[in-house]
Amino acid sequence: MPTIVPDQTVPEKLGDDEFELGAEKKESVDSIPPLGQPREEKKFWFQRGKDYDPNAIATQPSVYDVADVKDQYMPQADWENAHRFDPLARWTWGEEHKVVQRIDWRIMLWVAIMFTAMELDRANLNQAVADNFLDDLNLGTNDYNLGNSVYALSFLAGEFPSQLLAKWIGPDRWIPVQIVLFSIVSASQFALHDRASFLACRSLLALLQGGFIPECVLYLSYFYKHHELTIRLSFFWTGMFMADILASIIAFGLLHLRGVQGLPGWRWLFLIEGLITGTIGLMSFVMLPPGPTQTASWSRGKKGWFTAREESIMVNRIIRDDPSKGTMHNREPITPKLLWKSLTDVDLWPLYAIGLTFNIPTFSPQQYLTLSLKGLGFTTFQTNLLTIPYLVLKIINMLLLSTLAEVTGQLAASASLFQFWCLPFLIYLRVVDTTRASKWLTWAIISLLLAAPLAHPVQVGWISRNANTVRSRAVGAALYNMFLQAGVVISSNIYRADDAPLYRRGNSILLGILSLNIVLYIVAKSYYIWRNRSRARKWDRMTPEERLVYLSDHQDKGNKRLDFRLTS
């Protein structure tokens, strides 16, 4: 929920003589261009009915239109977009939607492609396992679990250093370097020869990939409003699932190379996919501009990707939606003091707790999917192809869940649907002897379980909204992902060799964690409602003069301000 803005009555239409930027900034009311009518923005194209007018003013009332308080929200002087900031800038809905579409094609698409590259290198172990990877290296199931745990712990360890480095030198510089480095490690798995080399490569790969996801989230927040970010993050994670689908298709071909040069197919898989990822990393040096007003370069053109007016629309619509985005430069480091403030931000802790356990009910079965399908009697190539259907359904479900969350505004309730989807399928796997059931039925049940609508986009967007500062947004996204990776460590040790092949004990544990997750969503929702009511009581008791003194003295900052409401 954004910062509270006093009610204002404004005209509906933008006059023909008011389209040009740069109106004289006089203090008289007559010199201020009209704003758009305060309204709940139509977030998706299918919500735009017959009353949609592309020529209506899109500039919504904000704190910058209130003379008494606007000075308290001004962006800092060295903000990279400060030269395009203009409280008097006005634009239409038609202009804004065209700009957002250009951002989608120029920025969002490539970020999704980069995530596809990372996932290709992160998840190809699943395809390698289907090609007798464990037997070739004399590894067992518990060694495989250890490898997954080492990866998760190393990923967790790499989160903070990588995110802080990206905030210091800029995501546009660090992310391409990151991709190139971990692609080299991924390709080097071609030479794995024993347990030690397997564990070393998993650790180094994860250390270099750690922080990649929160870095991309922070980068996207430079271009999108809060409500736009959630659905874009669902497309971001679509890139991950597209990588899993592509990995299965690519593996179907590359694993047929078993025997070429006397080598198993999984070695060629690691090498060739690493080369693909490295190429995307090199291209990313060109495809990632530092920010909305910094797209001009030798590779992107002297004039950049956007006109001056488009840059003005991008900058002003973003900062009107969230004034905190003007409080830090995109290459400004997070100091130890600011880091500590973010770490101790208790208002984000409920979301970290959810991040720890929410995905465990599907993650353990997902890690064992290829091994389970092989155990059911499917061939190596059938196994890889049978992982595709659930991924397609998962993409559809995730997009629908993200849309539901934004249309209803009920983030906690929408995200919790993931748990209710998983419940019946986990109960089936717990009570039914799948070794005696049809292998196709068992495959269908496991596939439907794994197709649960992923709540990641909703929850990462939730973190971004409730942070309300750039430094908390950067640190919060990294912390959330660290808790997520800690959950991966837990997931990697739920299915054990002595519990195979039915994993009844493991599935009982998953059902217990699922029940805990439902409680966590209820607690988070209740906490944010309580916090908002407490703030509203204090804010409503203040006189206008007291509110102005409160804002002028900067008594509270970020999501601690009494005029800010936490989203739930």
Report the extension gain between Ala296 and Arg505 in nm, rounded to one decimal, defined as 0.36 nm multiplied by the number of residues separating them, less their alpha carbon distance. 69.5 nm
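So if we plug the beta-carbon distance of Asp135 and Asp68 into 1/(1 + (r/R0)^6) with R0 = 51 Å, what FRET efficiency do we get, rounded to 0.05?
Step by step, r from the Cβ atoms, then E = 0.10.
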Scattering curve values for region 68-176, log₁₀ I(q)/I(0), Debye with Cα scatterers, q = 0.13, 0.16, 0.17 Å⁻¹: -0.82, -1.02, -1.08
List, in the order given, every pair from Lys374/Lys394; Lys70/Lys225; Lys302/Lys557; Lys394/Lys525; Lys70/Lys557 whose Cα-Cα distance in the structure shown is over 27 Å. Lys302/Lys557
Let me have the relative contact order for the chain, percent, based on Cα pairs under 8 Å that are six or more residues apart. 21 percent
Under 5 Å, built H, 5+ apart or other chain: amide partners of Thr92: Ala58
Quote to one decimal, in nm, the extra length available between Thr379 and Ile249 on full extension: 0.36 nm per residue of separation minus the C-alpha distance between them. 45.3 nm
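Could you give the accessible area per residue of region 350-474, probe 1.4 Å, as a whole number in Å²?
In whole numbers, region 350-474 has 31 Å² accessible per residue.
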Whole-Å semi-axes of region 217-268's equivalent ellipsoid (Cα gyration tensor): 39, 10, 5
Pairwise FRET efficiency - Asp433 versus Thr344, Cβ, R0 = 51 Å, nearest 0.05: 0.55
Probe of 1.4 angstrom, ligands and nucleic acids ignored: what's the accessible area per residue over region 205-317, in square angstrom? 33 Å²
Gyration tensor (alpha-carbon) shape descriptor, region 350-449, a/c threshold 1.5: prolate
Quick note, region 387-434: a/c under 1.5 would make it rounded; otherwise a/b > b/c is prolate and the rest oblate (a ≥ b ≥ c, C-alpha gyration tensor); here it is oblate
Computed [θ] at 222 nm, helices only, for the chain once each DSSP H run of length n ≥ 4 contributes -39500 (n - 2.57): -20000 deg cm²/dmol
Region 352-392-region 493-522 distance, computed between alpha-carbon centres (Å): 15 Å
Quick one: pull the percent of accessible area on the chain belonging to carbon and sulfur, 1.4 Å probe, ligands and nucleic acids left out. 64 percent
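Suppose all protein chains stay in the model; what accessible area per residue would a 1.4 Å probe give for region 508-568, in Å²?
54 Å²
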Gln76 and Leu400 label points (each 7 Å along its Cα→Cβ direction) are spaced in nm at 4.5 nm
Once you have a ≥ b ≥ c as the square roots of the Cα gyration tensor eigenvalues for region 222-380, tell me rounded if a/c is under 1.5, and otherwise prolate or oblate according to whether a/b is larger than b/c. oblate
Distance in nm between Leu516 and Thr335 label points, each 7 Å along Cα→Cβ, equals 3.8 nm
Indicate the helices, whole DSSP H runs only, in the chain that combine a mean Kyte-Doolittle hydropathy of -1.0 or more with a Cα extent along their long axis of 24 angstrom or more. 109-129, 141-169, 171-188, 226-254, 265-287, 388-408, 411-431, 470-491, 504-541
Return, for the Cα atoms of the chain, the radius of gyration and Dmax in Å, separated by a comma. 25.1, 82
With 0.36 nm assigned to each residue of separation and the Cα-Cα distance removed, Ile529 to Ala353 gains 61.6 nm
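The values are calculated or read from the model by the stated rules, or taken from the named source; none is laboratory data. What you see is a predicted model; the values in this text were computed from it and never measured. Cβ coordinates were reconstructed from backbone atoms using ideal geometry, including for glycine residues, and neighbour counts include every protein chain displayed. Each accessible area value is taken on the protein alone, full model and side chains, heavy atoms only, with ligands, DNA and RNA left out. Shrake-Rupley method; radii C 1.70, N 1.55, O 1.52, S 1.80 Å.
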